[in-house]
Amino acid sequence: MSSPRRRILVTSALPYANGPIHLGHMLEYIQTDIWVRYQRLRGHVCLYVCADDAHGTPIMLRAIEEGITPETLIERVGREHRADFADFAIGVDNYHTTHSEENRTLANHIFERLRSGGYIVTHVIPRPYDPVEEMFLPDRYIRGECPVCGAQDQYGDSCEVCGSTYSPAELKNPRSVISGAKPVERDSEQFFVKLSEFTAMLKRWLGGGHGEISGRDSIAAVHPPVQPEIANKLQEWFGAGLKDWDISRNAPYFGFEIPGAPGKYFYVWLDAPIGYMASFRNLCDKNPELDFDEFWGPQSDAELYHFIGKDIAYFHTLFWPAQLYAGGFRTPSAVFVHGFLTVDGQKMSKSRGTFIKARTYLEHLNPEYLRYYFACKLGAGIDDIDLSLEDFGQRVNSDLVGKVVNIASRCAGFINKRFDGKLSESLEAPELFRSFAERGESIAADYEARAFGKAMREVMALADQANQYIDEKKPWVKAKEPGRESEVHLVCTAALNLFKTLLIYLKPVVPLTVAKAEVFLGTGPLHWSQVGEPLLGTRINAFEPLMVRVEQESIDAMLAASSEALPPDGAGSGTGPGRENYLARDPIAPTITHDEFTKVDLRVAQITSAEAVDGADKLLRLVLDVGGQTRRVLAGIKGAYRPEDLIGRKTVVVANLVPRKMRFGVSEGMILAAGPGGSDLWLLSLDEGAHPGMRIK
């Protein structure tokens, strides 16, 4: 008997719109997509929405570095994200952005409900302030030395070297990225949510007692609101007492201005999860058959699930349910948390080539290799997942190619060549086929519980049985013996029916391969309800390879393409510094107009500090006095100059370049030098009459 048709809304965490998707991101989206596809395959209504998280200081900084507006940046990155997800067969029903009118309207609504409910308070707190530019500084507009590991040129909120998080006040030798001045603290009034007021409500939700909000008590029996590890962490937070949550930021900030509070903006973590609702609202506007309140209203009996990483569990299990409750909406049925991705047992690394972008992977390997491998590794817990590249190739080749696809390739030729592509009218091994179908409910339960690894083991055990059946029946031997044609027909028909059953079980994981197999079998789209229905007397099409083996060369090429390209120490080929050779290696750039050249602002600068950059072969970090303004510049002149010899020297700097984020920090200009590189580089010499800040014309 079929189970009641469910209505389910699913989301994944929103990728940040300042950079590309990488395989760490893909772990979550693949996990979500597999679960969504399984629910659809079972006949349930399962909608999947996502969006780009498009607000916050990093977006502003990235846009400044590229010399474009934040809107231009997030539009471009959004297109790239959509393309990556589409090519990985991530079947979202709607992909939107948090920088949308739907999100602004919903964020304002929730804020007003929080305020009218008495949950908003203001506190005057110290904030970093730039005394030169006379402006408050977002955390990422401050850089300095990490208070934990001592790494230089780190952001005011986190270290990119050791991963530590901290406040700007803890940063050593902090400076404003705007003026270079040392920030001071100034009092600033900010908005806070009294999160402690929601303690009782959050405990009820944690205990599964969210029927008063979601309208569906039975959901908790299927999926507890959070996993045990997260529930234990929540109890720790409750025990320590929930603190007021700062939800505002001062300008400059890319986001939504708070109604009635000029110069104050919603902190990105207030409006980011509201992006789930905004994306669904956008979908409803495009599809009049959908009703927003049926999924988000306080009496909704639909199911709502969020797939997220464990690093953002705090926001999704405390702030988010509280926001929804205060806003008059239903709370999540459950929040599914997963662990991080490591590659070959270590954090992803650019230098090792294991920080792999989704697009780089797609340029070298079949996306369904990764979908299957992640499925083999994923369970219902929050443990980290390791992508072992050696195991990756071996497992895909052994399981998908060697076991599953092999069944069809071994039997299709006999059906097509000897029986005009028509399957037999009866089933030779009905008990074996029935045993395959009976495993469906167990495999379905594994999918439902997100125990994908267990499901894949069960499927591959069945694939082994199918291949064993073929080995025992030996149709290639029977085909050579007179009078045994009918046996060959029956055996190959039975094997292809076992293959069809495996396709249904694997369809959530490798939908593209299954789609090709559906064409081969002539079945049309397969559904879970067809598990027990054999194909008899129907025609199949010519078999074409459904999947090829993973080749080590492709993996190596992907790693090579992912390796961080480090500049060479010298100019290259050892042909010497002669002008002819140099110009041959470095031809003159295309001509520019006089108007274009006059935009370049060349200024005299005096070097006040110079030091080597840890880990860099050719870079020096220079601090320049440009007529009362400070510039910090990364210059590739280490092979030609000792740092101590540069202090006090005057040089020329391109002063109006957009700051550029490099591997070893942000460079706020460019000094002029000539030569082929390495030790053959020369700074311009300036006479005593040149003073810092003087413009060169």
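The values are calculated or read from the model by the stated rules, or taken from the named source; none is laboratory data. Model, not experiment: these values are computed from the prediction. Reconstructed Cβ throughout: ideal geometry from the backbone, glycine too, with neighbour counts over all protein chains shown. Note: accessible area is taken over every heavy atom of the protein model, side chains too, but ligands, DNA and RNA are not part of it. Shrake-Rupley method; radii C 1.70, N 1.55, O 1.52, S 1.80 Å.
Filter the stretch 371-404 for residues that are out of contact with any strand residue (DSSP E or B) (no Cβ under 7 Å at 6 or more places or on another chain) and of a type in the set (Lys, Arg); which is surrounded by the most Cβ atoms within 10 Å (Cβ to Cβ)? Across the stretch 371-404, the extreme among qualifying residues is 371.
Residue pairs whose Cβ atoms lie under 8 Å apart, sitting 6 or more positions apart in sequence or on different chains, and linking a residue in the stretch 147-164 that is among the hydrophobic types (A, V, I, L, M, F, W, C) to a partner that is open to solvent by 40 Å² or more (accessible area, probe 1.4 Å) and at pLDDT 85 or above, are 151/145; 159/148; 159/149; 161/149; 162/148; 162/149.
Give 19, 43, 56 a once-over and let me know the one that is under 30 Å from residue 438 (Cα atoms), small (Gly, Ala, Ser) and in contact (Cβ under 8 Å) with a residue 40 or more places away in the chain.
On the way: 19 fails: under 30 Å from residue 438 (Cα atoms); 56 fails: under 30 Å from residue 438 (Cα atoms).
Step by step, each of 19, 43, 56 is checked, and only 43 is under 30 Å from residue 438 (Cα atoms), small (Gly, Ala, Ser) and in contact (Cβ under 8 Å) with a residue 40 or more places away in the chain.
Quick one: in the stretch 531-561, which of the residues that are of a type in the set (S, T, N, Q) and either in contact with a His (Cβ under 9 Å, 6 or more places away or on another chain) or not in a helix (DSSP H, G or I) (or both) is farthest from residue 514 (Cα to Cα)?
First, pick out the residues of the stretch 531-561 that are of a type in the set (S, T, N, Q): 538, 541, 552, 554.
From what is left, the residues that are either in contact with a His (Cβ under 9 Å, 6 or more places away or on another chain) or not in a helix (DSSP H, G or I) (or both) are 538, 541, 554.
Values: 538: 18, 541: 14, 554: 23 Å.
The residue in question is 554.
Every condition in (1) at positive phi; (2) surrounded by fewer than 20 Cβ atoms within 10 Å (Cβ to Cβ) holds for residue 78 except the one numbered (1). Please indicate, with yes or no, whether at least one residue in the stretch 344-353 is modelled with pLDDT under 95, open to solvent by less than 10 Å² (accessible area, probe 1.4 Å), out of contact with any Lys or Arg (no Cβ under 7 Å at 6 or more places or on another chain) and not in a strand (DSSP E or B). For the stretch 344-353, residues modelled with pLDDT under 95, open to solvent by less than 10 Å² (accessible area, probe 1.4 Å), out of contact with any Lys or Arg (no Cβ under 7 Å at 6 or more places or on another chain) and not in a strand (DSSP E or B): present.
Within the stretch 505-533, residues that are of a type in the set (Lys, Arg) reach partners that are open to solvent by 40 Å² or more (accessible area, probe 1.4 Å) and at pLDDT 95 or above with beta carbons closer than 7 Å, at six or more positions or on different chains, in the pairs 507/37.
Being surrounded by fewer than 18 Cβ atoms within 10 Å (Cβ to Cβ) and touching a helix residue (DSSP H, G or I) at 6+ places or on another chain (Cβ under 8 Å) is the filter here; which residues of the stretch 119-138 pass it? Of everything in the stretch 119-138, just one residue is surrounded by fewer than 18 Cβ atoms within 10 Å (Cβ to Cβ) and touching a helix residue (DSSP H, G or I) at 6+ places or on another chain (Cβ under 8 Å), namely 126.
Within the stretch 96-117, identify whether any single residue is modelled with pLDDT of 95 or more, open to solvent by 70 Å² or more (accessible area, probe 1.4 Å) and farther than 20 Å from residue 273 by Cα, and answer yes or no. Yes, the stretch 96-117 contains a residue that is modelled with pLDDT of 95 or more, open to solvent by 70 Å² or more (accessible area, probe 1.4 Å) and farther than 20 Å from residue 273 by Cα. Of all residues in the stretch 319-343, count the ones that are in contact (Cβ under 8 Å) with a residue 60 or more places away in the chain, open to solvent by 10 Å² or more (accessible area, probe 1.4 Å) and farther than 30 Å from residue 107 by Cβ. The total comes to 1. Look at the stretch 407-433: where a residue is open to solvent by less than 30 Å² (accessible area, probe 1.4 Å) and a partner is basic (Lys, Arg), sitting 6+ places away or on another chain with Cβ atoms under 6 Å, you get 421/539. Restricted to helices (runs of 4 or more DSSP H) entirely inside the stretch 1-97, those with at least 2 residues that are within 26 Å of residue 526 (Cα to Cα) are 23-41, 70-87.
Residue-wise test of (1) assigned to a strand (DSSP E or B); (2) open to solvent by 20 Å² or more (accessible area, probe 1.4 Å).
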residue	(1), (2)
632	yes, yes
638	no, yes
641	no, yes
644	no, yes
648	no, yes
651	yes, no
658	no, yes
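Cβ-Cβ distances below 9 Å connect the following pairs, each with a first residue in the stretch 198-215 that is at pLDDT below 95, a second residue that is in a helix (DSSP H, G or I) and of a type in the set (Ser, Thr, Tyr), and a separation of six or more residues or different chains: 206/317; 213/325. Taking the stretch 19-57 as the range and being surrounded by fewer than 20 Cβ atoms within 10 Å (Cβ to Cβ) and over 30 Å from residue 514 (Cα atoms) as the test, only 19 passes. For the subset of the stretch 239-272 comprising residues that are in a loop (DSSP other than H, G, I, E, B) and among the hydroxyl-bearing types (Ser, Thr, Tyr), which member is surrounded by the most Cβ atoms within 10 Å (Cβ to Cβ)? Here the residue is 253. Would you check if there is a residue in the stretch 600-613 being surrounded by fewer than 14 Cβ atoms within 10 Å (Cβ to Cβ) and either at pLDDT below 80 or at positive phi (or both)? There is no residue in the stretch 600-613 that is surrounded by fewer than 14 Cβ atoms within 10 Å (Cβ to Cβ) and either at pLDDT below 80 or at positive phi (or both). Contact annotation: residue pairs with Cβ atoms under 7 Å, 6 or more positions apart or on different chains, pairing a residue in the stretch 544-564 that is surrounded by 14 or more Cβ atoms within 10 Å (Cβ to Cβ) with a partner that is aromatic (Phe, Trp, Tyr), are 550/369; 558/361; 562/355. Pairs linking a residue in the stretch 233-258 that is closer than 28 Å to residue 100 by Cβ to a residue that is open to solvent by 60 Å² or more (accessible area, probe 1.4 Å) and in a loop (DSSP other than H, G, I, E, B), with Cβ atoms under 8 Å and 6 or more positions apart or on different chains, do not occur.
Being aliphatic (A, V, I, L, M) and either more than 46 Å from the chain's Cα centre (by Cα) or not in a loop (DSSP other than H, G, I, E, B) (or both) is the filter here, so list the residues in the stretch 415-428 that pass it.
From the stretch 415-428, those aliphatic (A, V, I, L, M) are 415, 423, 427; that's our starting set.
Result: 415, 427.
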